[in-house]
1. Over the chain, what is the mean sequence separation of C-alpha contacts under 8 Å (at least six apart), divided by residue count, expressed as relative contact order in percent?
2. Comparing K185, K246, K207, which has the greatest mean-square fluctuation in the GNM of the chain with Cα pairs linked when under 10 Å apart?
3. In the calculated pair distance distribution of the chain, what percentage of Cα-Cα distances lie above 35 Å?
4. Express in Å², to the nearest 10, the accessible area of D359 obtained by rolling a 1.4 Å probe over the protein heavy atoms while all chains stay in place.
5. Find, among the trypsin sites (Lys or Arg not before Pro) in the stretch 1-96, those assigned to loop by DSSP (not H, G, I, E, B) with at most 13 other beta-carbon atoms within 10 angstrom.
6. Springs between alpha-carbon pairs under 10 angstrom, Gaussian network model over the chain: which of A300, A348, A45 fluctuates most?
7. Averaging sequence separations of C-alpha pairs under 8 Å and six or more residues apart, then dividing by the length of the stretch 64-212, give the relative contact order as a whole percent.
8. For the stretch 72-118, what is the relative contact order in percent, using Cα pairs closer than 8 Å and at least 6 residues apart in sequence?
Amino acid sequence: MPSTRTIGLSAPYLDEREEELVLDVLRSGRLSLGPSIDRFEELFAEAVGAPYAAAVSSGTAGLHLLCHSAGVSPGDEVITSPYSFVASANCAIYEGATPVFADIDPRTLNLDPAAVETAVTSRTRAVVAVDIYGYPCELEELQAICRRHGIALIDDSCEALGARYRGTPVGSHGTPAVFAFYPNKQITTGEGGVVTTHSEEEWRLLKSLRNQGRADGGGWLEHASLGFNYRIDDIRAAIGIGQLEKLPEILALRSSVAARYGELLEGIDGLGLPLEDDADHIRSWFVYVVALPQGTDREAVIAFLDERGVQTARYLPCIHLQSYMRDRYGFREGLCPVAEGLSARTLALPFHARLDESDQEHVTRSLGEALGR
Ligand SMILES: Cc1ncc(COP(=O)(O)O)c(C=O)c1O
């Protein structure tokens, strides 16, 4: 009999503080281009240890702006990970470039720097690295490759707010980074994103580009360049301020939920658990993704869990095998064997800061049964 209890995949962590901040904005009458955006950006820059932050309407918008400002153009190639959300590749396509997929490291699920090096050609303009599932990518190796070849590096940190690489937060290492705030992320603004940069010039350019190419100090109807409407508004920035105030609490809660999953799932033979942190890589928990044992019928597991009221998701399908990618670029199976093999076996379990112990026990017990363990 189907379960009457449903354990959802994700949930935002909001309380009266966000309500209060949103009400303040509504009552102020400054719904866009107001002071909440500046405050959100200041707090965000501080949280990730970056000198400059520009808030935008989504993570995708932020990635697009960085491709645009890196000069990505028709005829260029942009290397990224096949094991990511489509925006990591789409941002290059928006500028007329061709996405090139380098395979991932099976341990970290992030770009394998050696595969990136092999994928570089004379047409490569940029690399979009990804901190998938909040696990920091091999940034220093990628920075060295990009420096050597004179190409731009963009860090898609949309899933990694709060992660730490080699001792300091993702976002603090000089490479421009993008963070995203859809409601399943560590913090949410509903929709929204932030680009961090260490260059004041780039920061000014990003703020102009998100605002229809308006120049600093210019009039409302004066446009210095072809820009976009990628602005965030003050209502969403206010939610973001409330979220940042409790970021340490959110990160700690998510870490303890993940640790509990680790203990509960330890005994399931053949199940791959998320990679543990090490001295150089501290994950910020975004989702809890397991790799099912080789040969498992994943669809049957999903259906079994669904009957038990446990929501799951096929994280992540390979980007190059999406139908629009196959049709447009002719990508096929075999291009990135490591990513393809893992993508067919990985599964996201319900995960959020308020997931309680009994729900986690129900999830793990049901998964064990589904796997016949
Ligand atoms: C790795 C990655 N890149 C980019 C994005 C795009 O962010 P958004 O949904 O805010 O456009 C997301 C979020 O879904 C993501 O997980």
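1. Numbers: 797 pairs, mean separation 87.8, N = 373.
For the chain, the relative contact order is 24 percent.
2. The residue that fluctuates most here is K246.
3. Details: 17779 of 69378 pairs.
Counting every Cα pair in the chain, those more than 35 Å apart make up 26 percent.
4. Approximately 40 Å² of D359 is accessible to the 1.4 Å probe.
5. Loop-located and lightly packed - R5.
6. Comparing A300, A348, A45 in a Gaussian network model of the chain, the most mobile one is A300.
7. 18 percent
8. 38 percent
The values are calculated or read from the model by the stated rules, or taken from the named source; none is laboratory data. Note that the structure is predicted; figures quoted are calculated from it, not measured. Positions of Cβ are generated from backbone atoms using ideal geometry, with glycine treated the same way; all protein chains shown enter the neighbour counts. SASA here: full protein model, heavy atoms, side chains in, ligands and nucleic acids out. Shrake-Rupley method; radii C 1.70, N 1.55, O 1.52, S 1.80 Å.
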